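Here's the structure we're looking at; comments come further down.
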Amino acid sequence: METEHHVQKGTTTVGIACKDCIVLAADKRATAGFIVNKKTQKIHKVTDNCAVTMAGLVSDAQLLVKLIRAETKLKDLQTLRSSTTKEMANLLAGMLYNNLRRFSAVPGIVSFLLAGSDSEGSHLYDLGIDGSITLVDDYVSDGSGSIFALGALEALYKKSMSQEEGVKLAVRAISAALQRDVNTGNGIDVWVIDQKGIRVAVEKDLNIPMPQ
């Protein structure tokens, strides 16, 4: 995530598979050895039924989000149908593969959690920096504070959680990282993706002290 002289990074993102939806969550802090942005948007809409969280270099991540939006629209126009979540995951994974392997003074290290809902149900994918794809049927966390978020997820997650339970767990998981990871902070965003589309469940700015 680049500014004029600094590379912005640092994040915690969470994805939770619930009974009838996917819950995505992220913090709001971007760092470059110090805090450079307290209101970074880390969850982005791709289509009316698909969204991603991003972790890594902001400039690369923002560009890839723009590209996946454009490529998906073009593909839908060409095929006269809406792309499935799996197709969008594969398309973005290909972009990540090429992004990491192109020559650059600043390596494009970016990863995404992609959630979508289509005729086959709701789906959650973990897209690695190398272009790898993992279908997630329970929960996943990415970024510098993920080890702390995973502790909460492992302790409290259960199969077939309701949307309300999933949102509460996402807040708990991000909050755990907020308290313990210096690169995570300043707020929580939680989105819900289901057959009805995408909605913002939580949008909260926080001022939590950094760990000593």
Practice task
Using the Cα centre as the reference, give the magnitude of the dipole from point charges on the C-beta atoms of the range 12-205 (Lys, Arg: +1; Asp, Glu: -1; all else neutral), rounded to the nearest 20 debye.
Solution key: 460
Problem - In Hz, Karplus ³J(HN,Hα) per residue of the range 113-125 (6.51, -1.76, 1.60; θ = phi - 60°; x = Gly, Pro) - result: 10, 10, 10, x, 10, 9, 5, 9, x, 9, 9, 10, 10
Exercise for the section: Please list the non-local residues whose amide H lies under 5 Å from the amide H of MET161, H modeled 1.01 Å from N, same-chain partners needing a gap of 5 or more. Expected result: LYS19
Practice task
Report the full-extension gain for the segment LEU80 to LYS19: residue separation times 0.36 nm, less the Cα-Cα distance, to one decimal in nm.
Solution key: 19.0 nm
Practice task
Could you list which residues have their amide H under 5 Å from that of LYS28, counting only those 5 or more apart in sequence or on another chain, with H placed in the peptide plane?
Solution key: GLY185, GLY187
Exercise for the section: Extending each Cα 7 Å along its Cβ direction at LYS204 and LYS39, get the distance between those two points in nm, one decimal. Expected result: 1.9
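Step through the table entries LYS86/LYS158; LYS19/LYS39; LYS38/LYS86; LYS39/LYS75; LYS42/LYS158, compare each Cα-Cα distance with 29 Å, and write down the pairs that go over it. Walk me through the numbers on the way to the answer.
Details: LYS86/LYS158 24 Å; LYS19/LYS39 31 Å; LYS38/LYS86 32 Å; LYS39/LYS75 32 Å; LYS42/LYS158 25 Å.
Checking Cα-Cα distances, LYS19/LYS39; LYS38/LYS86; LYS39/LYS75 exceed 29 Å.
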Problem - Nearby aspartates and glutamates by direct alpha-carbon distance to LYS66 (threshold 15 angstrom, same-chain neighbours under 8 apart not counted) - result: ASP48
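Just so you know, all these numbers are worked out from the coordinates, no wet-lab data involved. Everything numeric here is computed off the predicted structure, so don't read it as measured data. Please note: Cβ atoms are built from the backbone with ideal geometry, for glycine as well, and neighbour counts cover all protein chains shown.
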